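The values are calculated or read from the model by the stated rules, or taken from the named source; none is laboratory data. Just so you know, these numbers come straight off a predicted model, no measurement behind them. So basically every Cβ, Gly included, is an ideal-geometry build from the backbone, and we count neighbours across all protein chains shown.
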């Protein structure tokens, strides 16, 4: 669903850039509420989503899809954090791997980060309060993840139609139809990952406020100040290395064997005849285009090394964003 350069006209580029920037700015303001105990999880979430997005899986009709991950991150950190994580992933993919055009970066952030993360995440956190049942919450996350994928694809189709790239009815039908299938994979992966997290660290699935990051313990009385140490959240440090290893393994072992079939947007562009609108080359050249390290003879190894490099860079970028947001909060608190 990564829009490339050339698919959107100038007014739509400017409009989506403004909306995407505004959504990210609001999310970054909420990032100031990120508890110190959750900072590593933001980095790990960014690294895993990046790695998982490299793994395309085949769907019907000669099309492939990959995890978007917006609702998955929102389930762990809240909608605002999902916007920040997804935006960071999209920016790195664009600048480092030429995945998504720089002129379409605002649209990609709007569709997958703001609509998928904030919209899908808010809906999930609304639904999950219906019952404390963990199986229900995991199932709800899967259904909402499917819906978020479809809605994000419809937003993408609307932007293409408003740009005159494809007709409204045809574009909405084609993009929505193929992403209904891709969304099934999105929902299943989301549920599997959350089920694994629930088994290993159920405390990470405590409901999170939709406007920020601070966890709410349902049906729990306020904790007295003298009990603050006993009630302190469990450290995430033991999860950092295993989480990075899992993310790197996905990028190194699975990404080189990902499906080579066109993804939903590419397939739609080919079927509806607007693939020629894509720019012949990225507006801004990327150092590792197409997720491959130049100079490595083996295509599989070139992809594997690029994936590991990107996963590490994404983890560090996620940590940096979280720490800068908290530093800004502390700085403003003393002003």
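For the subset of the stretch 197-252 comprising residues that are in a loop (DSSP other than H, G, I, E, B), over 21 Å from residue 138 (Cβ atoms) and under 19 Å from the mean Cα position of the chain (by Cα), which member is modelled with the lowest pLDDT?
By that ranking, first place goes to 211.
Given the criteria at pLDDT below 95, within 29 Å of residue 203 (Cβ to Cβ), touching a strand residue (DSSP E or B) at 6+ places or on another chain (Cβ under 6 Å) and crowded, with 24+ Cβ neighbours inside 10 Å, does residue 121 qualify?
So residue 121 fails the test.
Considering each residue of the stretch 83-98, count those that are buried (at least 24 other Cβ atoms within 10 Å of the Cβ) and without any contact (Cβ under 8 Å) to a residue 40 or more places away in the chain, and give that number.
1
Which residue out of 68, 1 is outside any helix (DSSP H, G or I), under 20 Å from residue 111 (Cα atoms) and at pLDDT below 95?
Matching residue, one of 68, 1: 1.
Tell me yes or no: at least one residue of the stretch 317-333 is farther than 30 Å from residue 170 by Cβ, surrounded by fewer than 18 Cβ atoms within 10 Å (Cβ to Cβ), modelled with pLDDT of 95 or more and over 19 Å from the mean Cα position of the chain (by Cα).
Checked the stretch 317-333: no residue is farther than 30 Å from residue 170 by Cβ, surrounded by fewer than 18 Cβ atoms within 10 Å (Cβ to Cβ), modelled with pLDDT of 95 or more and over 19 Å from the mean Cα position of the chain (by Cα).
Please specify each residue of the stretch 270-292 satisfying the condition of being in contact with a helix residue (DSSP H, G or I) (Cβ under 6 Å, 6 or more places away or on another chain) and free of Cβ contacts under 8 Å to residues at least 12 places away in the same chain.
275
Filtering the stretch 48-59 down to residues that are touching a helix residue (DSSP H, G or I) at 6+ places or on another chain (Cβ under 6 Å) and farther than 20 Å from residue 245 by Cα, which residue is surrounded by the most Cβ atoms within 10 Å (Cβ to Cβ)?
Among residues in the stretch 48-59 that are touching a helix residue (DSSP H, G or I) at 6+ places or on another chain (Cβ under 6 Å) and farther than 20 Å from residue 245 by Cα, the one surrounded by the most Cβ atoms within 10 Å (Cβ to Cβ) is 59.
Among the residues of the stretch 99-137, write down those that are farther than 19 Å from residue 264 by Cβ, touching a residue at least 24 places away in the same chain (Cβ under 8 Å) and not in a helix (DSSP H, G or I).
102, 103, 129, 132
Being surrounded by fewer than 22 Cβ atoms within 10 Å (Cβ to Cβ) and in contact (Cβ under 8 Å) with a residue 40 or more places away in the chain is the filter; apply it to the stretch 306-316 and report the residue that is nearest to residue 41 (Cα to Cα).
Of everything passing the filter in the stretch 306-316, 316 is nearest to residue 41 (Cα to Cα).
Would it be correct to say that residue 143 is under 18 Å from residue 68 (Cα atoms) and in contact with a strand residue (DSSP E or B) (Cβ under 7 Å, 6 or more places away or on another chain)?
Details: under 18 Å from residue 68 (Cα atoms): yes; in contact with a strand residue (DSSP E or B) (Cβ under 7 Å, 6 or more places away or on another chain): no.
No.
Within the set of pairs 6 or more residues apart or between chains, which connect a residue that is within 14 Å of residue 43 (Cα to Cα) inside the stretch 227-241 to a residue that is modelled with pLDDT of 75 or more and assigned to a helix (DSSP H, G or I) with Cβ atoms less than 6 Å apart?
236/40; 236/41; 240/40
Can you give me the number of residues within the stretch 138-163 that are more than 15 Å from residue 195 (Cα to Cα) and assigned to a helix (DSSP H, G or I)?
Going through the stretch 138-163 one residue at a time, the tally reaches 18.
Going residue by residue through the stretch 25-44, is there one that turns out to be at pLDDT 90 or above, more than 30 Å from residue 236 (Cα to Cα) and surrounded by fewer than 18 Cβ atoms within 10 Å (Cβ to Cβ)?
Scanning the stretch 25-44, I find no residue that is at pLDDT 90 or above, more than 30 Å from residue 236 (Cα to Cα) and surrounded by fewer than 18 Cβ atoms within 10 Å (Cβ to Cβ), so the answer is no.
Failed condition for residue 103, given (1) farther than 28 Å from residue 302 by Cα; (2) at pLDDT 95 or above, with all others met?
For residue 103, the exception is condition (1).
Here are some residues: 80, 88, 98. Which one is more than 29 Å from residue 302 (Cα to Cα) and in contact with a helix residue (DSSP H, G or I) (Cβ under 6 Å, 6 or more places away or on another chain)?
Only one candidate passes the filter, namely 80.
Scan the stretch 53-61 and tell me whether some residue there is at negative phi, touching a residue at least 60 places away in the same chain (Cβ under 8 Å) and part of a helix (DSSP H, G or I).
Taking every residue of the stretch 53-61 in turn, none turns out to be at negative phi, touching a residue at least 60 places away in the same chain (Cβ under 8 Å) and part of a helix (DSSP H, G or I).
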